[in-house]
Each structure stands twice: as C-alpha cells, then as structure tokens.
Amino acid sequence: MSSSEKNANGRSVTLHVVSSLDGFIAKKDNSVSWMDSPGKIYEAGVSISEKEIAAFLKSIDCYVLGSRTYEHALELGWPYGDTPVVVVTNIKWPSASARKSIEFYSGDLKTLIDGKLAPRYRNIWLVGGAMLCQRFLELGLVDEIKLTIAPVLLGEGLRLFGDSAQEKRWSLKNVAAYKNGFVELSYSAATA
Ligand SMILES: NC(=O)c1ccc[n+]([C@@H]2O[C@H](COP(=O)([O-])OP(=O)(O)OC[C@H]3O[C@@H](n4cnc5c(N)ncnc54)[C@H](OP(=O)(O)O)[C@@H]3O)[C@@H](O)[C@H]2O)c1
C-alpha cells in the first residue's frame, strides 16, 4: 500500500501470507516444502529479480507476528533480517537470546498498532499466523490483504480464515501471476 492509501488513522497494516489453493497456510506437521516452486513454468507470468525483491523488502518498516510463527521462523532460519519485529505473546520469552530487532508485546492489539507502531512506522506487515491474522481482521486492524496463492491443494492443515470474521467487502487492487505459478492478490479495505 502506498502512503497515500493509508487509512484514516494514518496507519498502513498489510496482512501477507501464502495460502494453498484450498485455503491452508500450514500443514499439520508444519512442513513448508509445499511452498517450494513447482518445476513447471507459467510462461505468461512475471518474474522478479533479486534486486527488486531486496528493494521491496526494504520498504517494509516493521513485521508483526504471533508467537507460534515466531518459533517456526526461528527453526527455519530468521527471514526478517534486521527489520524491527513485534512478536505478540502472553508469555515472557527470554529476551536475552532474542535479536535486538525483536520486541515482545502482550496486550491490546489496537493499542499496539495505533498507539505504538503507527506513530513510528509507515509500512507495517502482519505476517501470520492464522490466529493473529484472525484477531486483526475481527478488530478491523487490517488495511490491505496480500494473499499469495500457491499452486497446490493440501487437503488439511491450518486454515487462514476462521469462522469469526464478519462479512466485509475488500477492493481488488492488483493481481500478479508469477512464472513459478504463484498468484498474488492484493486487496484494500473498501470504504463504505
Ligand atoms: N503460509 C504462511 O504464509 C504462513 C505465515 C505465518 C505462519 N504460518 C504458519 O502458521 C503456523 C502458526 O500459526 P498459528 O495460527 O498456529 O499461530 P500464530 O498466530 O503464529 O501464534 C499464535 C500465538 O500468538 C499469541 N497471540 C495471538 N493472538 C494474541 C493476542 N491477541 N494477544 C496475545 N497473544 C496472542 C499467542 O501466543 P502465546 O501462547 O505465546 O501467548 C498464540 O498462541 C505455523 O505453522 C507457521 O509456520 C504460515
């Protein structure tokens, strides 16, 4: 989302996750090989260079994630570099072993976004997992959804969207189909 598309509170929170075709963001055993690119190339798709990816990632000011996603990210190899990360948790984690860029937060999520992060960061990315994304959606704290669909059916796993979200319209802003068969759908929260 560009800064001109910030919401009325001046914040820009983008929910970004990768989903299977059947709406799962994780397998029961937590394995992630389903996110690997298939060998088959979608010729009409676009490809992005390492340089473009790096520039794009640089535009993200802060990541927010749930504690289970945090644990999984630590296991897989930290993907967020030195960009500030807020881990939402009710547990006291041993901060001594954490990176300097990581902050743990427990409390009201609206206060986290509007009181703590929005004054400091322009481009805030909520990157999972399902539980935290669902809470953010229920509270109306998401301004943009970026859903990357992987070309795979998983059959079972962790659903991105639960039953608790209310009906709400979103405006399609962009569709990008990549050479690896992944499709990225971008939506912004519809006003009125
Ligand atoms: N496909 C993708 O793009 C993608 C992206 C992200 C994650 N994932 C996968 O999703 C799985 C994790 O998702 P998940 O839904 O199980 O867990 P999650 O949302 O990552 O984390 C849930 C935990 O966050 C904390 N939390 C959530 N809401 C809170 C609130 N309002 N206040 C305080 N703490 C709160 C609680 O931690 P405490 O118990 O510490 O209090 C809760 O147990 C992993 O397998 C991960 O790899 C996939």
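Values for this structure:
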{"read-out": "Share of carbon and sulfur in the accessible heavy-atom surface of segment 36-118 [1.4 Å probe, %]", "value": "55 percent"}
{"read-out": "Amide hydrogen neighbours beyond the local backbone of Lys173, cut-off 5 Å, H modeled", "value": "Ser186, Tyr187, Ser188"}
{"read-out": "Residue order for Leu154, Leu57 - accessible surface, 1.4 angstrom probe, largest first", "value": "Leu57, Leu154"}
{"read-out": "For Tyr63, residues with placed amide H under 5 Å, excluding near neighbours", "value": "Val85, Val86, Trp125"}
{"read-out": "Mean Cβ count within 10 Å, highest first, over the residues of peptides 46-54, 34-42", "value": "34-42, 46-54"}
{"read-out": "Along principal axes, Cα extents of segment 129-192, largest first, whole Å", "value": "35, 28, 16"}
{"read-out": "Computed [θ] at 222 nm, helices only, for the chain once each DSSP H run of length n ≥ 4 contributes -39500 (n - 2.57)", "value": "-4000 deg cm²/dmol"}
{"read-out": "Residue-normalised accessible area of the chain, expressed per residue, 1.4 Å probe, Å²", "value": "58 Å²"}
{"read-out": "Segment 66-83 - phi-based ³J(HN,Hα) in whole Hz, Karplus 6.51/-1.76/1.60, Gly and Pro as x", "value": "x, 5, 6, 5, 4, 4, 5, 5, 5, 5, 7, x, 4, x, 9, x, 9, 5"}
{"read-out": "Antiparallel %, DSSP beta bridges [both residues in segment 57-192], to 5", "value": "55 percent"}
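The values are calculated or read from the model by the stated rules, or taken from the named source; none is laboratory data. What you see is a predicted model; the values in this text were computed from it and never measured. So basically every Cβ, Gly included, is an ideal-geometry build from the backbone, and we count neighbours across all protein chains shown. Side chains are part of the model used for accessible areas, which takes the heavy atoms of the whole protein and leaves out ligands, DNA and RNA. Shrake-Rupley method; radii C 1.70, N 1.55, O 1.52, S 1.80 Å.
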